[in-house]
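Chemist: Dumping the structure here so I can ask a few things about it.
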Amino acid sequence: MNPEICLRPARADDASCLAALAIQVWLHTYATDGIRPALADYVLTQFTPQHFEHCINNTRHRVIVAEQGEHLLGYALLDFDSYQPAVPHTSTELQNLYVLPHFARQGIGSALLHACANAAQDQAADATYWLSVNSQNHNALAFYASHQFEQYGTLFFELDSVRYANQILATV
């Protein structure tokens, strides 16, 4: 990771940048055929500054940002109370690990994963957590495999009658 890039806990004044970053990365993953109303409506209602303010101010969540100067490059969002039956050994979910595509393959994702493991251990005395990844996101799947995540099952994200398969992955 570039030494000018630092990780820190998110602050309330990061909320609008987090929303914009999340929208960009999510659309890059899911809008592979372009933008349709259901996709637009989803991101504009789910990835809001208010959503991120809530997560930042709620002890159930931890938001860690990667920044360079005054620019956010990525973030991780942990939920410490998210049970997944396929992964009964942990209730900590990595809801998002998003890095802007321009900054991929620079060690930012790996640094955020390491920070997540530390946060999970601090919160739950256990560094394990689970996540789900779009099954068509081969780069993300390869990234998690390189960090020793294992597949525990599949879940489906449904939006406007379109089902997206997501692999459930977890640390051991």
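Chemist: Would the stretch 19-28 turn up any residue that is farther than 23 Å from Arg105 by Cα and either modelled with pLDDT under 95 or open to solvent by 90 Å² or more (accessible area, probe 1.4 Å) (or both)? Write out each step before concluding.
Modeler: First, the residues of the stretch 19-28 that are farther than 23 Å from Arg105 by Cα: none.
Within the stretch 19-28, none of the residues are farther than 23 Å from Arg105 by Cα and either modelled with pLDDT under 95 or open to solvent by 90 Å² or more (accessible area, probe 1.4 Å) (or both).
Chemist: I would also like to ask the following. Give me a count of the residues in the stretch 110-149 that are assigned to a helix (DSSP H, G or I) and not acidic (Asp, Glu).
Modeler: Here is the first cut: in the stretch 110-149, the ones assigned to a helix (DSSP H, G or I) are 110-124, 138-146.
Retained after the next criterion (residues that are not acidic (Asp, Glu)): 110-121, 123-124, 138-146.
Total satisfying the criteria: 23.
Chemist: Just one of Leu97, Leu159, Leu141, Leu131 is farther than 23 Å from Ile5 by Cβ and either surrounded by 15 or more Cβ atoms within 10 Å (Cβ to Cβ) or in contact with a Ser or Thr (Cβ under 6 Å, 6 or more places away or on another chain) (or both); which is it?
Modeler: Working: Leu97 fails: farther than 23 Å from Ile5 by Cβ; Leu159 fails: either surrounded by 15 or more Cβ atoms within 10 Å (Cβ to Cβ) or in contact with a Ser or Thr (Cβ under 6 Å, 6 or more places away or on another chain) (or both); Leu131 fails: farther than 23 Å from Ile5 by Cβ.
Result of the check over Leu97, Leu159, Leu141, Leu131: Leu141.
Chemist: If you don't mind, there's one more thing I want to ask. Report yes if some residue within the stretch 151-161 is modelled with pLDDT under 90, in contact with a helix residue (DSSP H, G or I) (Cβ under 8 Å, 6 or more places away or on another chain) and not in a loop (DSSP other than H, G, I, E, B); otherwise report no.
Modeler: Yes, there is a match, as at least one residue in the stretch 151-161 is modelled with pLDDT under 90, in contact with a helix residue (DSSP H, G or I) (Cβ under 8 Å, 6 or more places away or on another chain) and not in a loop (DSSP other than H, G, I, E, B).
Chemist: Tell me, please, whether a residue that is under 14 Å from the mean Cα position of the chain (by Cα), basic (Lys, Arg), open to solvent by 30 Å² or more (accessible area, probe 1.4 Å) and at negative phi can be found in the stretch 62-80.
Modeler: Yes, some residue in the stretch 62-80 is under 14 Å from the mean Cα position of the chain (by Cα), basic (Lys, Arg), open to solvent by 30 Å² or more (accessible area, probe 1.4 Å) and at negative phi.
Chemist: For the stretch 39-50, indicate whether the set of residues that are under 22 Å from Leu113 (Cβ atoms), modelled with pLDDT of 95 or more and outside any helix (DSSP H, G or I) is non-empty. Steps first, please.
Modeler: So in the stretch 39-50, the residues under 22 Å from Leu113 (Cβ atoms) come out as 47.
Next cut, modelled with pLDDT of 95 or more only: 47.
Of the ones still in play, those that are also outside any helix (DSSP H, G or I) are 47.
The answer is yes; a qualifying residue exists.
The values are calculated or read from the model by the stated rules, or taken from the named source; none is laboratory data. Predicted, not measured: the structure shown is a model, and the values here were computed from it. Because the Cβ atoms are built from the backbone with ideal geometry, glycine has one as well, and the counts that use them run over all protein chains shown. Only protein heavy atoms, including side chains, enter the accessible area calculation; ligands, DNA and RNA are left aside. Shrake-Rupley method; radii C 1.70, N 1.55, O 1.52, S 1.80 Å.
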